[in-house]
1. Under 16 Å from the mean Cα position of the chain (by Cα), closer than 30 Å to Ala95 by Cβ and at pLDDT below 85: is that true of Ser36 in this structure?
2. From (1) assigned to a loop (DSSP other than H, G, I, E, B); (2) modelled with pLDDT of 85 or more; (3) aliphatic (A, V, I, L, M), pick out the condition that doesn't hold for Val52.
3. Filter the stretch 88-117 for residues that are within 8 Å of the chain's Cα centre (by Cα) and touching a residue at least 12 places away in the same chain (Cβ under 8 Å) and give the result.
Amino acid sequence: MFQYKLDDYFFPEISVKANPKYIPGSSSAEPSARISMQSSFGEDEEDSIRVVLTVKAESDGEGEVPYNVKIVGVGDFTLRFLEKDKGNSEEEKKALRKKVEERIHYNGMSILYGALRDLIMTLTSRGPWEPVLLPMHFFNKKANQAEDKAPDDPP
């Protein structure tokens, strides 16, 4: 198996704009979060993985929202294979690396989203309108499928 750790995360792009047309209480529109994500193994270091998450929160067209937000978060992870796996064949290592990349992709996105969500709430709390707290988001496929089902839907 393997272990991985978060070495660092940072925000190369931060944009929070208060909407001057927004009137508190005039709309029940919530900011809709659009999320794009990518992850890649480092070119120089075989054991480094970079995860990039972009979150845009803006009006969905059905009313004014207090803020339009775009933030890009980057997380750098280090992967370490356990001693017992270092002697594996190249094919086994390749299969394990694919599994690792998927796991770090989803877990890394969850870590970054939590940091971005907190940053958005902190920044908007210093603006003229009420703070924005983005809804929770699940990055693994099974959780998203379960979230899409209504509570009354049969399994």
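The values are calculated or read from the model by the stated rules, or taken from the named source; none is laboratory data. Being a predicted model, the structure only gives us computed values, none of them experimental. Every residue, glycine as well, gets a Cβ built from its backbone with ideal geometry; the counts of neighbours run over all protein chains shown.
1. Against the criterion (under 16 Å from the mean Cα position of the chain (by Cα), closer than 30 Å to Ala95 by Cβ and at pLDDT below 85), Ser36 qualifies.
2. (1)
3. Passing the criteria: Gly108, Met109, Ser110, Ile111, Leu112, Tyr113, Leu116.
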